[in-house]
Amino acid sequence: FPFVEADIKNGPDKATGAMAVLVAMLYERFKAGRYPIALVSMDNCSKNGAKLRESVLTMAEEWKKQGFVDDDFITYVSDEKVVAFPWTMIDKITPQKYTRGGVPLHELPFTLIYIIFCFLTDITIAN
């Protein structure tokens with residue numbers, strides 16, 4: 001894709017595509033102290049963590065070839081004890097019987113993250 005090629009050519013300071021922006025943010029985290037992080041894919045596909053890891057590593061390695069990042073950054077993003085890519089299962093179906101404030105969750109305009117938050121906090125089950 002042309003936008004991916006542009007992101008590779010332009011490096012982390014001029015990232016525009018989602019993957020390049022993600023890797024650019026990882027690069028900033030690396031420079032700030034090499035802090036650990038788990039990147040959780042919300043893609044509803046098999047082995048989503050492995051696919052996200054492959055994409056991150058590809059962008060990082062292409063930036064290394066262009067001279068934007070060094071071997072230390074590649075080591076950082078390659079070490080799954082530091083930058084983890086867990087596999088997840090996403091269930092986007094919300095049963096109608098679950099409510100928040102008496103309103104069925106499927107009628108609320110919230111993101112999946114907020115719905116998960118509701119499940120983990122004060123969700124009630126309608127009678």
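The values are calculated or read from the model by the stated rules, or taken from the named source; none is laboratory data. Given the structure is predicted, the values throughout are model-derived calculations rather than measurements. Note that each Cβ is placed from the backbone with ideal geometry, even for glycine, and that neighbours are counted across all protein chains shown. We work out accessible area using only protein heavy atoms, side chains counted, and drop any ligands, DNA or RNA first. Shrake-Rupley method; radii C 1.70, N 1.55, O 1.52, S 1.80 Å.
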For region 1-39, the count of residues that are part of a loop (DSSP other than H, G, I, E, B) and surrounded by 14 or more Cβ atoms within 10 Å (Cβ to Cβ) equals 5
Quick check, is VAL56 of a type in the set (Val, Ile, Thr) and under 23 Å from TRP87 (Cβ atoms)? yes
Count of region 60-75 residues which are buried (at least 20 other Cβ atoms within 10 Å of the Cβ) and in a helix (DSSP H, G or I): 3
Would you check if there is a residue in region 78-85 being touching a strand residue (DSSP E or B) at 6+ places or on another chain (Cβ under 9 Å), modelled with pLDDT under 95 and open to solvent by 80 Å² or more (accessible area, probe 1.4 Å)? no
Go through (1) more than 30 Å from ASP7 (Cβ to Cβ); (2) open to solvent by 90 Å² or more (accessible area, probe 1.4 Å); (3) modelled with pLDDT under 50 one by one and return the number of the condition GLU107 breaks. (3)
Among the residues of region 41-58, are any open to solvent by 40 Å² or more (accessible area, probe 1.4 Å), outside any loop (DSSP other than H, G, I, E, B) and closer than 14 Å to TYR76 by Cβ? yes
